[in-house]
Amino acid sequence: MSRFLNERYRKLQAYTPGEQPQGRKYIKLNTNESPYPPGPGVLAAVNSSEAADLRLYSDPESRALKEKLAGLYGMKPENIYVSNGSDDILNFAFMAFAGDGTKVMFPEISYGFYEVFADLYGIDCEKVPLREDFSIDPDDYVCQNKMIVIANPNAPTGKTLEVCEIEKIVSTNPDHIVLIDEAYVDFGAESCAELVHKYENLLVVQTFSKSRSMAGARLGFAIADAALISDLEKIKFSTNPYNVNRLTAAAGIAAIEENDYYMENCRKIAATRQRTAEALTEMGFDVIPSRANFIFVRSEKIDGGEYYRRLRERGILVRHFDREKISQYNRITIGTDQEMDQLLKVTKEIIGEAENEKE
Ligand SMILES: *Cc1c(COP(=O)(O)O)cnc(C)c1O
């Protein structure tokens, strides 16, 4: 840290992304990326003529992309906001809709970035404990008079709330934003996006990073009442008007045109998830039922950190959070069937070893 950094950022604890190894080849099950490549339309869209146009700025209003998304979700373009990854929307939402007396609340165990943004903007936050089984109790969020942020499905648990439960939260906090982060919704949960026609305080956030195989392109979007979208636009035009670059916009449009390809991949991933969960359960793991592209697991037979390290030594990366209440767990992204077979094989060896060591 230099001596120039503003006082208010000196204690900020930045978010720690999952590892992106650059040398050794790992089976990468640690950052919830898709194991499947983008479709042929995206590969064709990111071509040399599009690259030649990189000398020009991108459309600051992202009209074509918004129209495509609006068509897919039964919205008007003015209900859609697009961004450089959905983290950017979360950033703007904390910046724009909380603070100055408005507190924010979110589940104690959830996406780690929420707390970072609250810290960044000096917003008081309330972290609400989950139930014993890691589910969210929607009643904790009813009539709270605070901004509310919930990932649905939640991360890293993969558990979901029903749309009617979300509606109860949205309808009983009419004077505050309820942000529903649907990063994993395409893997088997139900989106609450339709509710934006009924509630002006609902902000639904999604991303192309997971279900549409485009984590490296950085494309997120929000669905909300037009007035909320215009608030986000105002912040965007006050910080970075060209927040979606030309190549990403072209890739995003192409991806929506071949949406069925991605939704089919999501079904494949859900089937692989089911099979992997069953196999791990058979080996004695507790596997939390997940509707996302990852599972959250632990075994009495091996410490959570130890399982993480031994997988890593054998070339498989998963995500271990060294945090109270979840340090015995690992979050395992669902890869291809082949990758999960390797995970299961290696896990069997590791558990066998651990049991021998105990004797
Ligand atoms: C991955 C993830 C994001 C961020 O996605 P990007 O669009 O890649 O920035 C947001 N929320 C949750 C819960 C996530 O898991």
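The values are calculated or read from the model by the stated rules, or taken from the named source; none is laboratory data. Treat the numbers as computed from the prediction; the structure is a model and nothing was measured. All Cβ positions, even for glycine, are placed from backbone atoms using ideal geometry, and neighbour counts span all protein chains on display. We work out accessible area using only protein heavy atoms, side chains counted, and drop any ligands, DNA or RNA first. Shrake-Rupley method; radii C 1.70, N 1.55, O 1.52, S 1.80 Å.
Quick look at the values:
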| quantity | calculated |
| --- | --- |
| Residue selected from the stretch 311-344 under the condition assigned to a helix (DSSP H, G or I) and closer than 16 Å to G284 by Cβ, by the criterion most open to solvent (accessible area, probe 1.4 Å) | L344 |
| Unmet requirement for A155, which otherwise passes all of (1) touching a residue at least 60 places away in the same chain (Cβ under 8 Å); (2) under 18 Å from Q206 (Cβ atoms); (3) hydrophobic (A, V, I, L, M, F, W, C); (4) in contact with a Leu (Cβ under 9 Å, 6 or more places away or on another chain) | (4) |
| Candidates A183, A249, A271 - the one that is open to solvent by 10 Å² or more (accessible area, probe 1.4 Å) and either assigned by TED's automatic domain parsing to the domain that holds F294 or on the phi > 0 side of the Ramachandran plot (or both) | A271 |
| Matching residues in the stretch 148-184 - criterion: being under 19 Å from the mean Cα position of the chain (by Cα) and outside any loop (DSSP other than H, G, I, E, B) | I148, V149, I150, A151, V163, I166, V178, L179, I180, D181 |
| Members of the stretch 60-96 that are open to solvent by less than 50 Å² (accessible area, probe 1.4 Å), more than 16 Å from the ligand (Cβ to nearest atom), closer than 21 Å to M214 by Cα and of a type outside the set (K, R) | P60, A70, Y73 |
| Residues (open to solvent by less than 60 Å² (accessible area, probe 1.4 Å) and outside any strand (DSSP E or B)) located in the stretch 114-129 | Y114, V116, F117, A118, L120, I123 |
| Flag for A249 being closer than 28 Å to N145 by Cβ and more than 10 Å from the ligand (Cβ to nearest atom) | no |
| Within the stretch 4-85, helices (runs of 4 or more DSSP H) holding 3 or more residues that are touching a strand residue (DSSP E or B) at 6+ places or on another chain (Cβ under 7 Å) and in contact (Cβ under 8 Å) with a residue 60 or more places away in the chain | 63-73 |
| The stretch 122-136 residues that are more than 10 Å from F106 (Cα to Cα), paired with ones that are at pLDDT below 95 and open to solvent by less than 80 Å² (accessible area, probe 1.4 Å) (beta carbon under 8 Å, 6 or more apart) | G122/G99; I123/G99 |
| Residues of the stretch 97-113 satisfying the condition of being open to solvent by 40 Å² or more (accessible area, probe 1.4 Å) and either within 11 Å of the ligand (Cβ to nearest atom) or closer than 15 Å to V204 by Cα (or both) | Y111 |
| Residue within the stretch 191-207 that is under 15 Å from the mean Cα position of the chain (by Cα) and open to solvent by 10 Å² or more (accessible area, probe 1.4 Å) present | yes |
| Single match in E200, E167 (criterion: out of contact with any Ser or Thr (no Cβ under 8 Å at 6 or more places or on another chain), more than 16 Å from the ligand (Cβ to nearest atom), more than 21 Å from G99 (Cβ to Cβ) and modelled with pLDDT of 95 or more) | E167 |
| Considering residues of the stretch 11-50 that are hydroxyl-bearing (S, T, Y) and within 27 Å of Y121 (Cβ to Cβ) only, the residue nearest to the chain's Cα centre (by Cα) | T31 |
